[in-house]
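**Student:** Okay, here's the structure, questions in a sec.
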Amino acid sequence: ECTAINPNGYKYFIRYEKGLQVGDLVKEKHKLNYRGTTIHWIPSAEVFRGENEIDTAFIKDTLKNQAIVNSGLKFTFSNEMDESTDIFFYENGVKDYIMELSEGKNFTEIVQFRTETQAKEKNEDSEFKFKAEISFAFHNEMRHMQYFHNSSLLEHGGTPENYIKNGFTKAIDHLLKDKYTKGEKKVNFEDVRDSLIVISNSYSTISLYTDQTKKKMESKFVQEYMIQYLREKLEVYFIENPIEAQKIADQILINKRSREKAEKTRLDVKKKLQSTVNNITNRIDGFINCKSKDNKETELYIVEGKSALGSTKQGRDDRFQDIY
């Protein structure tokens, strides 16, 4: 059952059973001083036949995500099974969510870029409108990336993940160009991501999803447009906020150089450990091989210690006698 109350003095009610509408939409006057939508849902015993088939955690996650990308909209989940109530509300939407994630410990302010464009894919006739809001802050203790499109969480990323990676990496590489030491490798996205909290929230008038679950979206036009847009906006931001830019540059260089040092240490240790392991194609340490490969005629002499090895080696027939 769904009941919607609007601010114009009307209440609407509709009912569904097993996915089909039952009865007509009912519209009537009301004098209530609030507005909103209430969905009262009772699971069908014909569909939900076992225990724990209703995933309340999924419902809560979905409502939370909707609250994040719909600022000022409050979602209340009342579970009559265990008499619990959860409220999801972000007055300032994504900005409040970033504050929650970082516990207010960002070392930069939360920045939001907004853009809107008319788009058209190559080899396609139809145009569509696209808009995006990129919200981010830099943090030296945590990292977080999330992408939404048309209010759906993109668990598999796609285009938004690509334009975030490329846009931020190119802009920060440009920021660091005078800070690299001679011969130093360029920054990569992992160095940036280690200190980045970023949320991409986009909308389009046509579907850009690449699967029915709406967990991934793809658009070549959007990707190219957003990479260029992000790079330009970030470079302007760094110029206009030199103190913030300096802190970001210092932190990213710390991330980069500590990663490179850790990687070098890992490779050195790996090389050292590998030198102590005999490859199966190499001879065993202390083993003196013979010329013959015929196991029916070869002999193995086992001696105690390297002193005995020397004299035994001199007196053996190296055509078929091995020593260990």
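The values are calculated or read from the model by the stated rules, or taken from the named source; none is laboratory data. Predicted, not measured: the structure shown is a model, and the values here were computed from it. Here the Cβ is made from the backbone with ideal geometry for all residues, glycine too, and neighbour counts use every protein chain on show. For the accessible areas, the whole protein counts, side chains as well, though only heavy atoms, and no ligand, DNA or RNA atoms are used. Shrake-Rupley method; radii C 1.70, N 1.55, O 1.52, S 1.80 Å.
**Student:** Among the numbered criteria (1) out of contact with any Asp or Glu (no Cβ under 8 Å at 6 or more places or on another chain); (2) touching a residue at least 12 places away in the same chain (Cβ under 8 Å); (3) in a loop (DSSP other than H, G, I, E, B); (4) not basic (Lys, Arg), which one does Thr3 miss?
**Tutor:** Unmet condition: (3).
**Student:** For region 231-238, state whether one or more residues are of a type in the set (Val, Ile, Thr) and farther than 30 Å from Asp173 by Cβ. Can you show your working first?
**Tutor:** Going through region 231-238, the residues of a type in the set (Val, Ile, Thr) turn out to be 236.
This time we only want the ones that are farther than 30 Å from Asp173 by Cβ, so: none.
There is no residue in region 231-238 that is of a type in the set (Val, Ile, Thr) and farther than 30 Å from Asp173 by Cβ.
**Student:** Return the residues of region 42-70 that are surrounded by 10 or more Cβ atoms within 10 Å (Cβ to Cβ) and not β-branched (Val, Ile, Thr); say none if nothing qualifies.
**Tutor:** Pro43, Ser44, Phe48, Asp55, Lys60, Asp61, Leu63, Lys64, Asn65, Gln66, Ala67, Asn70
**Student:** If you don't mind, another one. Of everything in region 50-71, what is within 26 Å of the chain's Cα centre (by Cα) and not aliphatic (A, V, I, L, M)? Give them in sequence order.
**Tutor:** Of everything in region 50-71, those that are within 26 Å of the chain's Cα centre (by Cα) and not aliphatic (A, V, I, L, M) turn out to be Asp55, Thr56, Phe58, Lys60, Asp61, Thr62, Lys64, Asn65, Gln66, Asn70, Ser71.
One line per residue, one yes/no per condition, for (1) in a loop (DSSP other than H, G, I, E, B); (2) at positive phi; (3) among the charged types (D, E, K, R):
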residue: Asn8; (1), (2), (3): yes, no, no
residue: Arg15; (1), (2), (3): no, no, yes
residue: Asp24; (1), (2), (3): no, no, yes
residue: Glu28; (1), (2), (3): no, no, yes
residue: Lys31; (1), (2), (3): yes, no, yes
residue: Trp41; (1), (2), (3): yes, no, no
residue: Phe48; (1), (2), (3): yes, no, no
residue: Lys64; (1), (2), (3): no, no, yes
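**Student:** Inside region 137-182, can you point out the residues that are polar (S, T, N, Q) and without any contact (Cβ under 8 Å) to a residue 12 or more places away in the chain?
**Tutor:** Result: Thr181, single match.
**Student:** Any chance region 210-219 includes a residue that's open to solvent by less than 60 Å² (accessible area, probe 1.4 Å), in contact with a Phe, Trp or Tyr (Cβ under 6 Å, 6 or more places away or on another chain) and under 21 Å from Leu154 (Cβ atoms)?
**Tutor:** Yes; the residues of region 210-219 include at least one that is open to solvent by less than 60 Å² (accessible area, probe 1.4 Å), in contact with a Phe, Trp or Tyr (Cβ under 6 Å, 6 or more places away or on another chain) and under 21 Å from Leu154 (Cβ atoms).
**Student:** Considering (1) open to solvent by 80 Å² or more (accessible area, probe 1.4 Å); (2) under 23 Å from Ile164 (Cα atoms); (3) not acidic (Asp, Glu), say which one Thr276 fails and leave the rest.
**Tutor:** Of (1) open to solvent by 80 Å² or more (accessible area, probe 1.4 Å); (2) under 23 Å from Ile164 (Cα atoms); (3) not acidic (Asp, Glu), only one is false for Thr276: (2).
**Student:** Filtering region 93-144 down to residues that are aromatic (Phe, Trp, Tyr) and assigned to a strand (DSSP E or B), which residue is surrounded by the most Cβ atoms within 10 Å (Cβ to Cβ)?
**Tutor:** Restricting attention to region 93-144, the residues satisfying the condition of being aromatic (Phe, Trp, Tyr) are 97, 107, 113, 128, 130, 136, 138.
Those still in the list that are assigned to a strand (DSSP E or B) too: 113, 128, 130, 136, 138.
Details: Phe113: 19, Phe128: 18, Phe130: 22, Phe136: 25, Phe138: 23.
Filtering first and then ranking leaves Phe136.
**Student:** Against the condition open to solvent by 10 Å² or more (accessible area, probe 1.4 Å), closer than 16 Å to Ile248 by Cβ and at pLDDT below 95, how does Asp178 come out, does it pass?
**Tutor:** yes
**Student:** Would you pick out the residues in region 169-223 that are of a type in the set (A, V, I, L, M), under 22 Å from the mean Cα position of the chain (by Cα) and over 20 Å from Glu121 (Cβ atoms)?
**Tutor:** Ala171, Ile172, Val187, Val192, Leu196, Ile197, Val198, Ile199
**Student:** Can you tell me how many residues within region 210-224 are touching a residue at least 60 places away in the same chain (Cβ under 8 Å) and either among the hydroxyl-bearing types (Ser, Thr, Tyr) or assigned to a strand (DSSP E or B) (or both)? Spell out how you get there, then give the answer.
**Tutor:** Filtering region 210-224 for residues touching a residue at least 60 places away in the same chain (Cβ under 8 Å) gives 214-223.
Retained after the next criterion (residues that are either among the hydroxyl-bearing types (Ser, Thr, Tyr) or assigned to a strand (DSSP E or B) (or both)): 217, 219.
Qualifying residue count, region 210-224: 2.
**Student:** Restricting to region 155-209, give me the number of residues that are on the phi > 0 side of the Ramachandran plot and part of a loop (DSSP other than H, G, I, E, B).
**Tutor:** As a first pass, look at region 155-209 and keep what is on the phi > 0 side of the Ramachandran plot: 157-158, 183.
Cutting the leftovers down to part of a loop (DSSP other than H, G, I, E, B) gives us 157, 183.
Count: 2.
**Student:** Out of all the residues in region 281-324, which are out of contact with any helix residue (DSSP H, G or I) (no Cβ under 7 Å at 6 or more places or on another chain), touching a residue at least 24 places away in the same chain (Cβ under 8 Å) and not in a loop (DSSP other than H, G, I, E, B)?
**Tutor:** Leu300, Lys313, Gln321, Asp322
**Student:** Can we say Tyr34 is closer than 23 Å to Gly93 by Cα and either open to solvent by 80 Å² or more (accessible area, probe 1.4 Å) or not aliphatic (A, V, I, L, M) (or both)?
**Tutor:** On the way: closer than 23 Å to Gly93 by Cα: yes; either open to solvent by 80 Å² or more (accessible area, probe 1.4 Å) or not aliphatic (A, V, I, L, M) (or both): yes.
In short, yes.
**Student:** With the checklist (1) open to solvent by less than 90 Å² (accessible area, probe 1.4 Å); (2) at pLDDT 90 or above; (3) part of a loop (DSSP other than H, G, I, E, B); (4) closer than 30 Å to Gln251 by Cα in hand, flag the one item Leu73 doesn't pass.
**Tutor:** Exception for Leu73: condition (4).
**Student:** Across region 79-92, which residue is most open to solvent (accessible area, probe 1.4 Å) among those that are at pLDDT 95 or above and closer than 30 Å to Glu51 by Cβ?
**Tutor:** Among residues in region 79-92 that are at pLDDT 95 or above and closer than 30 Å to Glu51 by Cβ, the one most open to solvent (accessible area, probe 1.4 Å) is Ile87.
**Student:** Of Leu230, Leu234, Leu300, which residue is among the aliphatic types (A, V, I, L, M) and more than 30 Å from Leu153 (Cβ to Cβ)?
**Tutor:** That would be Leu300, the only listed residue that is among the aliphatic types (A, V, I, L, M) and more than 30 Å from Leu153 (Cβ to Cβ).
**Student:** Let me ask something additional. Based on what the data block shows, is Ile288 of a type outside the set (D, E, K, R) and either surrounded by 10 or more Cβ atoms within 10 Å (Cβ to Cβ) or closer than 25 Å to Ile197 by Cβ (or both)? I'd like the intermediate steps shown before the answer.
**Tutor:** Values: of a type outside the set (D, E, K, R): yes; either surrounded by 10 or more Cβ atoms within 10 Å (Cβ to Cβ) or closer than 25 Å to Ile197 by Cβ (or both): yes.
It is true that Ile288 is of a type outside the set (D, E, K, R) and either surrounded by 10 or more Cβ atoms within 10 Å (Cβ to Cβ) or closer than 25 Å to Ile197 by Cβ (or both).
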